[in-house]
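What follows is a set of notes on a single structure, which appears directly below.
The values are calculated or read from the model by the stated rules, or taken from the named source; none is laboratory data. On a predicted model such as this, the values are computed, not experimentally measured, just so you know. Note: ideal-geometry Cβ built from the backbone for every residue, glycine included; neighbour counts use all protein chains shown.
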Amino acid sequence: MKIQCDYCDNTYEDTLYNCPHCGARNPSHNDGDARPKTIEELKEWYTNHNLPPYETTRFFIGIDYRQPRAFGIYKDGDQFVVYKNKADGSRAIRYEGEDEQYAVHELWQRLKDEIANQKNNQSRTGASASETRKANARYRRSLIAVGIYAVGTVLFMSFLIGVAVFKFINGPKMGYYVSDDNDTYFEDSYGQWYSYDDNDDSWSSVSTVDLPDELKDSDTVKDYYVSSDWNASYSKTNWDDTTFYTDYQTRCENDSSSSDSDSWDSSDSWDSSSTDWDSDW
């Protein structure tokens, strides 16, 4: 899906983090969480945010679920399908195509909206004796679970560090790349790519689907890596001097200070009956 930039009025794919024409941030991606780009990453995001089972939230990730009242995403051959099963059992297809990142983004945004709706519904009920009992129960459970949580946190952080080291050694790194056609590219730590235009002496964001094949392939991309730092001998504008770098720094700061408003308290109740199951999405 293409959207129109609020600043330069040009259109571009909504999957891009920035407008490729002027560098303005895509407002639909203005969040502190690193957004999932694959079905597996969406599953991990779901788990890390302590959401209830799929049967409770009615969001089925990686599953072609056929019962009424459900949202979901799954892969069928080389196609990714995003769907909603209505209350009457009929299915509305939100997206069907080869762009996994776009498909995942569609369901992820809908899931985030539903989390916000569920929290708003609970906040309207106000404080009650039931909520007080829940709070007391949570406190008691927290005292019991603190040791388990501490150990789990250490193990989880060790896993993340291991994954990061593996990616750094075996996959693409943040920095400058030069393709077979002698074109210059830059990748940031979020996996967003940028291409350099020699004619305009400017950088623009580029979707991974538009990268040359040698940079798409995880086995070959590291062979085209030049450096993490700009050098005057490049005779090109330093990526760090662009608005893309400013937005990148802001995003990093938001990530480090994010309160993670999408996380779910396991003791709270999720009522999927409040969802509009008659609309297409």
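Structure above, values below:
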{"quantity": "Residues satisfying the stated conditions in segment 7-21, i.e. modelled with pLDDT under 75, surrounded by 14 or more Cβ atoms within 10 Å (Cβ to Cβ) and not acidic (D, E)", "calculated": "T15, L16, Y17, N18"}
{"quantity": "Residues of segment 228-252 satisfying the condition of being at pLDDT below 85, aromatic (F, W, Y) and either in the same structural domain as R94 (by TED's automatic domain parsing) or within 25 Å of the chain's Cα centre (by Cα) (or both)", "calculated": "Y248"}
{"quantity": "Extreme residue, modelled with the lowest pLDDT, among residues of segment 92-118 that are more than 17 Å from the chain's Cα centre (by Cα) and exposed (fewer than 15 other Cβ atoms within 10 Å of the Cβ)", "calculated": "N117"}
{"quantity": "Filter pass, D255 being outside any loop (DSSP other than H, G, I, E, B), modelled with pLDDT of 85 or more and closer than 17 Å to M174 by Cβ", "calculated": "no"}
{"quantity": "Condition check for G72: surrounded by fewer than 21 Cβ atoms within 10 Å (Cβ to Cβ) and touching a residue at least 12 places away in the same chain (Cβ under 8 Å)", "calculated": "no"}
